[in-house]
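The values are calculated or read from the model by the stated rules, or taken from the named source; none is laboratory data. Since the model is a prediction, treat every value here as computed from it, not as a measurement. With ideal geometry, Cβ positions are generated from the backbone for all residues, glycine too; neighbour counts draw on all protein chains shown.
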Amino acid sequence: MTDSPGDILRSVFGYGAFRGQQQAVVEHVTAGGDALVLMPTGGGKSLCYQIPAIARQQQGRGVTLVISPLIALMHDQVGALHEAGVSAAFLNSTLDWEQTQDIERQLLAGQLTLLYAAPERVGTPRFLGLLDTLHAHGNLSLFAIDEAHCVSQWGHDFRPEYRQLTVLHERWPSVPRIALTATADAVTRADIVERLQLQQAEQFVSSFDRPNIRYSIVEKKDPTRQLLQFIEREHEGEAGIVYCQSRKRVEELAQTLCEAGIDALPYHAGLPADERQRNQDRFLREDGVVMTATIAFGMGIDKPDVRFVAHVDMPKNIEGYYQETGRAGRDGAPADAWMAYGLQDVVNQRRMIDESPAGDDFKQVMVAKLDALLALAEATDCRRARLLGYFGEAMERESATDSIAATDDSTATRGSSGTYSRWHCGNCDNCLHPPEVWDATDCARKLLSTIYRVQQMSGIGFGAGHIMDIVRGKATEKVAQFGHDQLSTFGIGAEFTEPQLRGVLRQLIAIGALHVDAQAFNTLRLLPDARPILKGEQPVRLRAATAPAPRERVRKTR
Ligand code: ADP
Ligand code: ZN
């Protein structure tokens, strides 16, 4: 007896209808086609291979092998499948020898519909032998490769073990494959296709819009205080994740939040395994826990009611940002993605790239990806449109009006330029509080010419603090020591405040007019793109340094 995919959806999983692209994917894969599925977190990727697995098992085609990078994820999925009455198992390092043998026996006896395994296992001769046996008996039905972006070094979570998954295709070319990911920009996507040899696979690309997530990016001043305010004003007593760059910062911040009466826990890879597990369990099971964490936390965490994701340090690129913020609001209710970012973030991220042992090609891609994130952070127009644009998606009118709390300006029409910059989602900081924009051309020229002159006079570069002192005409010891008070630009920008100058420097770095030399005490160097600005040929219009007033509380409307 064989059921249609729709029957399986209803009878096994208890859902009334497919979502988005699910039906198309399920039908294609059940019929034996290869697929690459791009679907945002929470979009329902699992059913895209679980239903074909069940359908193909009913057709007598045997077991589906699911490659999954995380043990916790495998456990959750297999547990959920058991509850739905589907025979599934996993093979991973948590099993002892006897358990492993037991699973292998079930596998060879054709008792399993889905088998989950980690990518590193696929490389072992024993496992390959098992698959050979299954295949010889026509019992190897489908390969599903979850979190497929792990195969790409351009993705944000490269796992070398994924590279060996090409063996599946090479050794058993007749077995259909489906690869799935929640995040992939054009570069990563092309890399997945090439690495996993999915040139023939049909691509199913869903909209990456998460209309219930409100994106806000604020200028970092006193991040701890800003974060506390954000949580207290908008998310008191609610569950959230706060991402930080370093383990030390994670622990400090957890403590600070606790002292402020917020139920916060730390999570990073340096904590003992039992403490990590305990904290994760509390986050998942209890209400209103805030996890302060490094990016080690989150993959495979399926908590529907995370009300906010905050970044107190900037991620590496937009994919990471999108993936991390995507953990908010999986239940579809309003949620916030909030980030504080400042000059130091730009400097740190550039330095990490510079100092990495990678080759120049790799660094170039990383810099380009970082620049795209900086452009998002500096944007004065709709963040959502920018974000979606980065993933190759033009924002549709529908997604604007569908989004919660559609405001009057959500009726914006496409601008004559045809770009998405005119779109107003009505649910990001820039749409809700259009930022003040000022003509920073004069300020930028003063800074750039000071950097140029200082370099000429002293033969070495200087950091942002010293440059700002000169521009503002501050007679510090260091200024006197180098005779920089003799420069013609000394004090030419006395009318600017330090935050203004800092903001302009940050944005000049972001647009590639300035380079921060990490090898030389973070000194600033002019790049070719500084020329047209210096010569007055290119205006610089920037966000005003003043952050918009905090928005009203929205929780009551939920
Ligand atoms: P992803 O892996 O893409 O993040 P999941 O496969 O974990 O998403 O699905 C997210 C949630 O949506 C799960 O709770 C799942 O049961 C639910 N879901 C998936 N498809 C449907 C559907 N067609 N109807 C209702 N709920 C669904
Ligand atoms: Zn917007």
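Observations on the structure shown:
- Residue count for the stretch 147-177 under the criterion of being at pLDDT 95 or above, in a loop (DSSP other than H, G, I, E, B) and over 18 Å from G33 (Cβ atoms): the result is 0.
So that you can scan it fast, the table gives a plain yes or no per residue for (1) within 24 Å of V175 (Cβ to Cβ); (2) outside any loop (DSSP other than H, G, I, E, B); (3) modelled with pLDDT under 95; (4) in contact with a Gly (Cβ under 8 Å, 6 or more places away or on another chain):
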residue: T2; (1), (2), (3), (4): yes, no, yes, no
residue: R10; (1), (2), (3), (4): no, yes, no, yes
residue: A17; (1), (2), (3), (4): no, no, yes, no
residue: G20; (1), (2), (3), (4): no, no, yes, yes
residue: H28; (1), (2), (3), (4): yes, yes, no, no
residue: Q57; (1), (2), (3), (4): yes, yes, no, no
residue: I103; (1), (2), (3), (4): yes, yes, no, no
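- Members of the stretch 447-465 that are surrounded by fewer than 21 Cβ atoms within 10 Å (Cβ to Cβ) and assigned to a helix (DSSP H, G or I): S449, Y452, R453, Q455, Q456, M457, S458, G465
- Note on the stretch 454-479: residues that are out of contact with any helix residue (DSSP H, G or I) (no Cβ under 9 Å at 6 or more places or on another chain) and at pLDDT 95 or above total 1.
- Of the numbered criteria (1) in a loop (DSSP other than H, G, I, E, B); (2) on the phi < 0 side of the Ramachandran plot; (3) surrounded by fewer than 20 Cβ atoms within 10 Å (Cβ to Cβ), the one P40 fails is (3).
- Extreme residue, farthest from G483 (Cα to Cα), among residues of the stretch 430-439 that are in contact with a Lys or Arg (Cβ under 7 Å, 6 or more places away or on another chain) and buried (at least 16 other Cβ atoms within 10 Å of the Cβ): L432
- Residue in the stretch 30-50 that is nearest to G332 (Cα to Cα), counting only those that are of a type in the set (A, V, I, L, M, F, W, C) and modelled with pLDDT of 95 or more: L47
- Within the stretch 193-209, considering residues that are farther than 14 Å from L38 by Cβ and in contact with a helix residue (DSSP H, G or I) (Cβ under 8 Å, 6 or more places away or on another chain), the one nearest to ligand 1 (Cβ to nearest atom): R195
- Total residues in the stretch 492-530 satisfying the condition of being assigned to a helix (DSSP H, G or I), surrounded by fewer than 18 Cβ atoms within 10 Å (Cβ to Cβ) and touching a helix residue (DSSP H, G or I) at 6+ places or on another chain (Cβ under 9 Å): the figure is 3.
- Looking only at the stretch 381-402, and only at residues there that are modelled with pLDDT under 90 and either β-branched (V, I, T) or not in a helix (DSSP H, G or I) (or both), the one that is farthest from ligand 2 (Cβ to nearest atom): G392
- Considering the conditions (1) in contact with a strand residue (DSSP E or B) (Cβ under 6 Å, 6 or more places away or on another chain); (2) assigned to a helix (DSSP H, G or I), Q99 is excluded by exactly one of them, (1).
- Number of positions in the stretch 1-21 that are surrounded by 14 or more Cβ atoms within 10 Å (Cβ to Cβ) and either within 16 Å of ligand 2 (Cβ to nearest atom) or among the β-branched types (V, I, T) (or both): 2
- Y243 being surrounded by 20 or more Cβ atoms within 10 Å (Cβ to Cβ), within 16 Å of ligand 2 (Cβ to nearest atom) and either modelled with pLDDT under 95 or on the phi < 0 side of the Ramachandran plot (or both): no
- For the stretch 77-112, the set of residues classified as touching a residue at least 40 places away in the same chain (Cβ under 8 Å), more than 22 Å from L165 (Cα to Cα) and buried (at least 17 other Cβ atoms within 10 Å of the Cβ) consists of V86 only.
- Residue check, L115 touching a helix residue (DSSP H, G or I) at 6+ places or on another chain (Cβ under 7 Å), crowded, with 16+ Cβ neighbours inside 10 Å and part of a strand (DSSP E or B): yes
- Scanning the stretch 219-234 for residues that are in contact with a helix residue (DSSP H, G or I) (Cβ under 8 Å, 6 or more places away or on another chain) and crowded, with 19+ Cβ neighbours inside 10 Å gives E219, K220, L227, I231, E234.
- Residue in the stretch 238-249 that is more than 26 Å from R383 (Cα to Cα) and touching a His at 6+ places or on another chain (Cβ under 7 Å) present: yes
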